[in-house]
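See below for the structure under consideration.
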Amino acid sequence: MIVSVVAEAETQLSIVERAIAGDEAAFARIVAAHHDDMARIAFFVCGDLDVAEEAEQSAWGVAYRRLKDLRDPERLRPWLMSVAANEARQIARSRRRRTVRELSVGDPTPPRSIDHAAMIDLADALGRLDPKDRAIVGLRFIGGFESAEIGRAMGMTATGVRVRLRRLLQRLRKDLGDD
């Protein structure tokens, strides 16, 4: 098991190094491996499919140009997701559009037990959050990042992330009448 983890890390390291050196096939492998995660976080942050697609495309451009700035190739996924979240936040801020978001992230045919009214209420509550706050929530609950990782991505301390996340969750619970 340890051997496969080491081999996987070396493989990712060599793919990143080859991409930095200009190997387009290596960069295409990075895109293929991380495209879905970046699309999810971009959509979660901005809430609009068109804006999310624009943000994702912009994020890949930024990633291609700045890949050489990545200090630790093992942190490629968090770095890419933070680039996508930041691009989505910037585009959403520049457009200043507030729309109701569709929250379908997984299976397109949800189980019948889903409370659609609750999903609409959640989408509305998330839509009232600032894009930076949606990025924090998205990185935590969609990306599965820890506070320190979110802090690095958002320019905050880990403690600041935990405090902000706690306040955001309290606000969402209050908005949803779930306190």
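Rule-based calculations on the coordinates, nothing more; no lab input. Quick caveat: nothing in here was measured; it's all calculated off a predicted structure. Positions of Cβ are generated from backbone atoms using ideal geometry, with glycine treated the same way; all protein chains shown enter the neighbour counts.
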>> Between residue 167 and residue 114, what is 0.36 nm times their sequence separation minus the Cα-Cα distance? Round to one decimal in nm.
In response: 16.4 nm
> Do any trypsin sites (Lys or Arg not before Pro) in the range 35-75 lie in a DSSP loop with no more than 11 other beta carbon atoms within 10 Å, and if so, which?
Replying inline: 71
> Which distance in nm do the two modelled labels at residue 146 and residue 123 give, with both placed 7 Å along the Cα-to-Cβ direction?
Replying inline: 3.5
> Taking the Cα centre of the range 109-179 as the origin, how large is its charge dipole in debye, to the nearest 20, when only Lys and Arg (+1) and Asp and Glu (-1) carry charge on their Cβ atoms?
Replying inline: 280
> Once amide H atoms are built 1.01 Å from N in the peptide plane, which residues 5 or more positions from residue 48, or in another chain, come under 5 Å H to H?
Replying inline: none
> How would you rank 160-171, 52-63, highest first, on the average number of other Cβ atoms within 10 Å across their residues?
Replying inline: 52-63, 160-171
